[in-house]
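Q: Have a look at this one before I ask anything.
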Amino acid sequence: MVSKKKKKYSTGEGAQFMTRKAALKKLQLSLKDFRRICILKGIYPREPRNRKRAQKGAGGIKTLYHTKDIKFLLHEPIIWKLRDLKVYQQKIRRARAMKNYPLMRKYFRDYPEINIDHIVKERYPTFVDALRDLDDCLTLCFLFSTFPSLKKVPRDQSMLCRRLTVEFMHAVITAKALRKVFVSVKGYYYQVEFEGQTITWIAPHHFSFQPQSKDEVDFKIMSTFVEFYTMMLGFVNFKLYHSLNLVYPPKLTAAFNSETDKELIDEHAYVSERIAAMNMSLARITGANEVEELPEIDIFHTEDEDPQKLEEAKLEAEKVKKLKTMFKGLKFFLNREVPREPLVFIIRCFGGEVSWDKDHFVGATFDETDESIAYQIVDRPSMEKKYLSRYYVQPQWVFDSVNVRTLLPINKYLMGAVLPPHLSPFVDKTKDQVYMPPEEKALNNPDFKPLDDDQSNSEIEEASDEDNEDKDNEEEDAEEALTKQYQQEVEQDSPSEEEDADDDVDPEKKKIAKEKKKAMAVTSGVPFKENPYKKEIEDKQAFRLREKLVRKKHRNLYKSMKAGQEKRKKEIWLLRKKRRLHDEKVKEEKKTEKRKQKMQILEAASV
Amino acid sequence: MSSIKKKKHVSKKNKKAWRKYCDITDVEEFLEDQRLEERLGKFDVKPDSELFVVDTGGEIKTEEDVKPLSAKLLKRANLPATPKCYEVLLPSSKVPDPNAKRNIVKQIGSKPTALSKLTEKRRFEKGVYQKKIELARKNRRIALDKKRKNKQIKQNFGLDLWGNDLPEAKGIPETLVDEFIPPEAQIHNVLPEQRLRPKPPLSKTLMTRTAVERPHPGVSYNPSFQEHQELLQEVVNHEKKMMKKEAHLLRVTNGMFRKVTPQEKENQWKEEMTMGLPQPHNPATNPSDSETDNEYKAINPPVKNKKKDHKARRKQRERIEERERLKREKINKKKITDIYKLRKLETLITKKEKRDALTRSKRAVKKAVTAETAVPKINAHKTPLKEPDFVSPEQLSGDLRKINSTTNLLRDRFESLQRRGALAASKVMMKKKRKLKAYFKAGHKVTENDIQRYVDKKAGKVSKKKTKLLKA
């Protein structure tokens, strides 16, 4: 007997995939509902390895889903809800068609909502998982919070986004979790750190709403994403507030309560309310203390860990600790023309107090006339009335200080000054072999001092100074030589004296005694001195041996890596040399000029 | 065998038949007994202690070999049963209803009668129910408020999703999460923790690609000169690549074909269409016509089967043989020379192999690089390539107040989702508004007025359109 013939595509890649149409048929859903449930459940189309086989021999490009994914969807209780909703929508449609408007209104009022919190839990089993996936969520929520009500977006969605984002920012403020800021043309990049997870998001600049052209983005889909993300962000906020001992939901300004949302129509009023809400301090859970500061890093000695890395980590932790209290106790006053939202957020994140003009916007906490204000942030070339007790700085000073993690000297950022470039903190740390001009180095590391710094400072006495230094060096050398000579002489003297003392004893006996002594004597131990040069050579040899052990598979890669390193090193060296030569040339020119001036003065004096 | 059997006469003719139908069980039993007695000794001689044993263990339960249900299955089997706490509410009497087919009689007043309806209406008009109505309205409002509040609670996210005190977190089925069911009963019915069908892992592109990419340092609102130049260089390179691609496409499609002027095209068309049609006589075009004397002449001469003679055949064969011989000779010569060329050949081969290996590795690297950033092909539509954020130097003011961005952040997000493979690339189709055609439905009740109205309406529409056109 012949065994039953196997049907084509019943196993393998052909059985693994399913077209969208087949999935719709299997789930008994309309395309709209299917799209929605896929986004909510996080199921996305797949790209097969062999398309022809995955499509069961059919040509063209079809949207394919994993059969397993669809089977997973099949168990979702929401599917039943969606089917019920279909019936409900039919009822609404019927009421409208029959012009039974009261009934229709009632249906709309009692529209059943789908609860998706179990999906959030299912997609992110732990809190850290949710934090890890917060980038997209925050960016979209911040974006949607700037939108007015649109046709394809539910009315309360942008309002909810507004509330949730402000709540999240408050959590960041109390946790002091902000690490990096970058002002780009696209928007503000923020990076925060929660539970060891770095979260980066973009907050758009505040422009008046730009109309979105219809054919670029599918609003319906994006709104579904936002629907899920708001749910997720809400629960994340709840968890964050609880871990920070804060009351959730926080009582912010009146504008954030859903009852009054119809009253605020003006866009500017919205924004100012939002900022005012951010300037409030939140209620803590009664009986809870401040979140205690993390203790210093304990060092556990493990063999495999690099001490250098450990040291680096310690340094980093110290820097972060410093950053957290950077603005503590400082009072800031924002001028009218300054973008308030990012500045309020950042300053409050590091413990500063912020206020603004009471007459223009709500939520100001202190007046401009307050003498205790330390910094006033202005973005205009000059001001009529200035206070002596405070610094007038440009907003970039705040951003740059955060990125450098210390309060930068303000002289470059004073009112009306031409600003230094705003550098990105999001630079790849792995690309460390880049030429960095001394100015940039100084900006990144305030402790850094260029080699020729003091020389440039004391330009006037340069010529004479150098000569002095040379003399000093010579003198020192001479002293050293003298001491050395003396020591040598002492050493030579000491054995000769001993010999002199034992001169009159029999020489043979002496010889024997000497030999015996030699055999018995305990010679004084000489501390083993490491020759650094020799050690270096040995290390190099060992390294070369290890290099030879690189597997053949990786050898080419290793070689190319090494070549790249050499090349980059050479480039850096070349640029440094150029810079050095240039600097020297400039210095020389200055010197000659000064000499000339001196000569002229002298001549003038003599004449 | 003491079964009662109907006696039947059977023949016991043969030995076999005799044996078959003779009942010898009693004899055999007797013999068996005897043999047993011989083996074990006589039954009445044995003492009691050997025959009987004092039962001290009690009754032994016979164990059934039914497989015990697993804990998971047991719990699942118990799920449909009514919870213990509800058992009080069930009828406890064992006595069944004597009349199983009892008619349920509705109480008086449960269904309004025609008379009661009338009286009610009368009383309503009198205003007796005013208070009731108000009360009902109030109740409804309270219910609505409660509902709204419930919705708000959902928006308030008042629940620690990742905490341990959530009933869902403990795996308690949804049907048992109720305020009336005590926590002991809930925990009693905890379902197995493992999901029936685990969620398959996400695709690789989704897992590895970041949602928010590191910004190029050149897109800062106040970038350093060098970084901005780098960004511009990147943009220029990108643009150049695109232009090259476009030029290639043009060359390969438009440029490949011969171009024909419309005049030429028409001429060609004319020629093709008139092919085979009798041409008007033009003596100037083919003067040779007159020379042929009207004799028919085919364009191709007829094929003749001309046989080759012996000599021709021999010559042909000789030619072929000569050619073959020369070829062979050449090959033989080459064989000899190749022996001397061996080294050169070897180097040639090794060189070629090296070259091939190099190109292969290069190709593999290139392929890997493209695969790393390639947009997953999910749909027939194409996702647009990622374009570097561009800030033209004129737009750069270095001033926070004067920032104006050209990038659309929403589109950026949308395309990022597509590039990660979460969304299929798509073209948003505009829905066309259907035009409804209006008809006049002729019925039996059509009056002159109706017709006039319809005509007027139509005329009005037309006139409106005309005015619009005129305005335009």
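Q: State the Kirkwood hydrodynamic radius of region B:222-268 in Å, one decimal place, computed from all pairs of distinct Cα atoms. Spell out each step's value before the answer.
A: Numbers: mean 1/r = 0.0717 Å⁻¹.
Kirkwood radius, region B:222-268: 14.0 Å.
Q: FRET efficiency for residue B:333 and residue B:308, Cβ-Cβ distance as r, R0 = 30 Å, nearest 0.05?
A: Numbers: r = 34 Å, r/R0 = 1.13.
Computed FRET efficiency for residue B:333 and residue B:308 comes out at 0.30.
Q: Roughly how much of residue A:382 is accessible, in Å² to the nearest 10, using a 1.4 Å probe?
A: For residue A:382, solvent-accessible area is about 80 Å².
Q: Which of the pairs A:552/B:362; A:26/B:199; A:186/A:251; A:151/A:239 have their Cα atoms more than 27 Å apart in this structure?
A: Details: A:552/B:362 17 Å; A:26/B:199 18 Å; A:186/A:251 32 Å; A:151/A:239 33 Å.
From the list (A:552/B:362; A:26/B:199; A:186/A:251; A:151/A:239), the Cα-Cα distance tops 27 Å for A:186/A:251; A:151/A:239.
Q: When the label point is put 7 Å from the Cα of residue B:128 along its Cα-to-beta-carbon vector, which residues of region B:83-111 have a backbone N closer than 16 Å?
A: Answer for this model: B:109-110.
Q: Follow-up. Shielding of B:397-410 by partners, i.e. mean partner chain Cβ atoms within 10 Å per residue?
A: Values: counts 0, 5, 4, 14, 6, 1, 9, 3, 8, 2, 5, 7, 12, 13.
For this peptide, the per-residue mean of nearby foreign Cβ atoms is 6.
Q: Grab the DSSP H runs of chain B that are 4 residues or longer, score each as -39,500 (n - 2.57), total them, divide by all residues and round the 222 nm result to the nearest 500 deg cm²/dmol.
A: On the way: 15 runs with 229 residues, N = 472.
After summing the helix terms and dividing by the residues of chain B, the value is -16000 deg cm²/dmol.
Q: With a 1.4 Å probe and all protein chains kept in place, how much accessible area does residue A:11 have, in Å² rounded to the nearest 10?
A: 80 Å²
Q: Using the alpha-carbon atoms, what tilt in degrees (0 to 90, nearest 10) does helix B:262-273 show relative to the longest principal axis of chain B?
A: 80 degrees
Q: Report, to two decimal places, the Cα Rg of region A:150-239 normalised by 2.2 N^0.38 Å (N = number of residues).
A: Working: Rg = 14.7 Å, N = 90, 2.2 N^0.38 = 12.2 Å.
So the Cα radius of gyration is 1.21 times the expected 2.2 N^0.38 Å.
Q: Let me ask something additional. What range in chain B is the longest one free of chymotrypsin sites (Phe, Trp or Tyr not before Pro) that are in a loop by DSSP and have at most 16 other Cβ atoms within 10 angstrom? Mind showing how you got there, number by number?
A: Working: sites that count: B:43, B:52, B:129, B:180, B:257, B:296, B:439, B:440.
The answer is B:297-438.
Q: Another one. So for the pair residue B:56, residue B:76, with labels modelled 7 Å out along Cα→Cβ, what separation do we get in nm?
A: 4.8 nm
Q: For the pair residue A:149/residue B:277, report the inter-label distance in nm, with labels modelled 7 Å from Cα in the Cβ direction.
A: Distance between label points: 7.1 nm.
Q: Oh, and also: Tilt of helix B:25-40 relative to the longest C-alpha principal axis of chain B, in degrees (0 to 90, nearest 10)?
A: Once rounded, one gets 80 degrees.
Q: How far apart, in nanometres, would the label points at residue A:535 and residue B:373 be if each is projected 7 angstrom from Cα along the Cα-to-Cβ direction?
A: Between residue A:535 and residue B:373, the simple spin-label model gives 4.5 nm.
Q: Can you work out D for chain B in µm² s⁻¹ from Stokes-Einstein, where Rh is the Kirkwood radius over C-alpha pairs, the temperature is 37 °C and the viscosity is 0.692 mPa s?
A: Numbers: Rh = 43.6 Å.
After rounding, the answer is 75 µm²/s.
Q: Here's another thing I want to ask about it. Could you let me know the centre-to-centre spacing of region A:344-404 and region B:68-82, using Cα atoms, in angstrom?
A: Using only Cα atoms, the two centres lie 67 Å from each other.
Q: Can you give the Kirkwood hydrodynamic radius for region B:343-472, in Å, rounded to one decimal and based on Cα pairs?
A: 23.5 Å
Q: Based on the mean of other beta carbon atoms within 10 Å per residue, what is the order of B:95-103, A:111-119, most packed first?
A: On the way: B:95-103: 6.7, A:111-119: 14.4.
Peptide ranking by packing, descending: A:111-119, B:95-103.
Q: Moving on to the next point. Which chymotrypsin sites (Phe, Trp or Tyr not before Pro) in region A:319-353 pass both tests, a DSSP loop state and at most 13 other beta-carbon atoms within 10 Å? Mind dumping the intermediate values first?
A: On the way: sites: A:327, A:332, A:333, A:345, A:350; in loops: A:327, A:350.
Sites meeting the loop and neighbour criteria: none at all.
Q: If you keep only loop residues by DSSP, which trypsin sites (Lys or Arg not before Pro) in region A:363-435 have at most 16 other Cβ atoms within 10 Å of their Cβ? Please report the intermediate quantities before stating the final value.
A: Details: sites: A:385, A:386, A:390, A:405, A:412, A:429, A:431; in loops: A:385, A:386, A:390, A:405, A:429, A:431.
Passing both the DSSP loop test and the Cβ count: A:385, A:386, A:429, A:431.
Q: Also: Determine the shielding of peptide A:389-400 by partner chains: average, over its residues, the number of Cβ atoms on other chains within 10 angstrom of each Cβ.
A: On the way: counts 0, 0, 0, 0, 0, 2, 2, 6, 0, 0, 4, 1.
That average works out to 1.
Q: Here's something else I'd like to know. Can you give the longest stretch of chain B with no exposed loop site, where a site means GluC sites (Glu not before Pro) in a DSSP loop (not H, G, I, E or B) with at most 12 other C-beta atoms within 10 Å? Mind dumping the intermediate values first?
A: On the way: sites that count: B:59, B:63, B:64, B:179, B:193, B:295, B:394.
After excluding every exposed loop site, the longest remaining stretch is B:65-178.
Q: Oh, and also: Determine the distance separating the Cα centre of region A:577-607 from the Cα centre of region B:205-269; give it in Å without decimals.
A: Rounded to whole Å, the Cα centres lie 53 Å apart.
Q: A further question on this structure: Leaving out ligands, DNA and RNA but keeping every protein chain, what accessible area does residue B:274 have, in Å² rounded to the nearest 10, with a 1.4 Å probe?
A: It works out to around 60 Å².
Q: Region A:505-553 to region B:405-427: how many Å between their Cα centroids?
A: After rounding, the separation between the Cα centres reads 69 Å.
Q: Would you rank B:65, B:145 by solvent-accessible area, highest first, keeping every protein chain in place and using a 1.4 Å probe?
A: Working: B:65 145, B:145 80 Å².
I get B:65, B:145, largest accessible area first.
Q: Projected area of region A:1-67, taken from the Cα convex hull and averaged over every viewing direction, in nm²?
A: Values: hull surface 22.7 nm².
Averaged projected hull area, Cα only: 5.7 nm².
The values are calculated or read from the model by the stated rules, or taken from the named source; none is laboratory data. For clarity, every value in this text was computed on a predicted model and none was experimentally measured. Quick reminder, even Gly has a Cβ in these numbers, built from the backbone with ideal geometry, and neighbours come from all protein chains shown. Note: accessible area is taken over every heavy atom of the protein model, side chains too, but ligands, DNA and RNA are not part of it. Shrake-Rupley method; radii C 1.70, N 1.55, O 1.52, S 1.80 Å.
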